[in-house]
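Below is one structure; the comments refer to it alone.
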Amino acid sequence: MARLNVNPTRMQLSSLKKKLASAQRGHKLLKDKRDELMRQFMNLIKENKQLRNEVEAGIADANRYMAVAGSVMQSEVLETALMLPKQEVELEVSEKNVMSVYIPVFRPKYRTDDVNDIYSYGTAFTSVDLDGAVNALSEIFPKMIRLAEIEKACQLMADEIEKTRRRVNALEHIMIPDYQETIKYITMKLSENERSTTTSLMKVKDMVLKQSHDFT
């Protein structure tokens with residue numbers, strides 16, 4: 001806590017009181033923002049953990065199916081089966097504002113609505129395990145998109161939480177105490193000046209009265 005280097009005048013006192021009130025309002029707003037960001041951040045962290053477990057389990061299932069399919073199918077047949085996919089996906093990217101943080105929103109857009117288009121091959125020369133691998137990956141694909149969205153949102157929100165925390169601390173531990181200390185100092189100096197002026201006026205009055213008495 002340090003006193004600002006300002007002249008102890010009534011104008012400065014009025015200006016500092018306004019700045020203090022503004023800093024206190026800003027401090028409250030920033031604290032509210034930080035708390036709300038933390039609440040939403042923690043919700044995203046919980047969802048992120050659950051999605052990551054589901055995605056990792058889905059990928060593990062797909063890998064097991066693919067390993068079996070690779071062991072029972074010739075590699076040339078397997079490569080040919082996956083060479084020309086029927087389904088295509090485009091990713092639409094937008095943003096949404098969460099407490100002044102612009103976080104991404106990913107929306108997959110499929111070329112067709114036919115769920116069977118995930119299979120780009122016929123079943124005559126392929127293994128059912130290949131179907132299992134493709135189906136497992138298809139099921140976790142939306143979750144992978146959501147996981148990427150959440151992880152980016154968590155990164156951006158964590159950065160904003162840290163910035164907001166630093167601003168709150170600067171206001172709480174530096175600016176507001178400095179304003180309060182300076183206001184206290186100026187108030188004390190003005191009071192001293194008023195007392196000194198009053199004392200001087202009283203002395204002048206006594207001198208004037210004494211002179212008047214002497215003339216009479």
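Things to note:
- Accessible area per residue, Å², the chain with all protein chains present, probe 1.4 Å: 69
- The chain: relative contact order as a whole-number percent, Cα under 8 Å and 6+ apart: 37
- Around residue 106: net Lys/Arg minus Asp/Glu count, Cβ-Cβ under 10 Å: +1
- Across 61, 117, 159, the residue with the most accessible area heads the list, and the full order at a 1.4 Å probe is 159, 61, 117.
- Convex hull projection area averaged over all views, region 1-110, Cα basis, nm²: 13.4
- Every Cα-Cα pair in the chain was counted, and those over 26 Å apart are 65% of them.
- Nearest-ten-degree value, helix 176-215 long axis tilted from longest Cα axis of the chain: 10
- Solvent-accessible surface (1.4 angstrom probe) belonging to residue 102, in square angstrom, nearest 10: 130
- C-alpha long axis of helix 10-72 to longest principal axis of the chain, angle in °: 10
- Alpha-carbon centroid distance for the pair region 1-68 / region 119-186, whole angstrom: 12
- Region 41-136: trypsin sites (Lys or Arg not before Pro) in DSSP loop, at most 15 other beta carbons within 10 Å: 86, 111
- Taking the three principal axes of the alpha carbon atoms in region 94-182, the coordinate ranges are 86, 23, 10 Å, sorted in descending order.
- For residue 4, distant residues with modelled amide H under 5 Å away: 182
- Note on region 32-72: along the principal axes its Cα atoms extend 60, 9, 5 Å, ordered by decreasing extent.
- Taking amide H atoms as placed 1.01 Å from N in the peptide plane, the amide H of residue 98 lies under 5 Å from those of 103, each 5 or more residues away in sequence or on another chain.
The values are calculated or read from the model by the stated rules, or taken from the named source; none is laboratory data. Predicted model only: the values in this text are computed from it and were never measured. With ideal geometry, Cβ positions are generated from the backbone for all residues, glycine too; neighbour counts draw on all protein chains shown. These area figures cover heavy atoms from the full protein model, side chains too; ligands, DNA and RNA do not enter into them. Shrake-Rupley method; radii C 1.70, N 1.55, O 1.52, S 1.80 Å.
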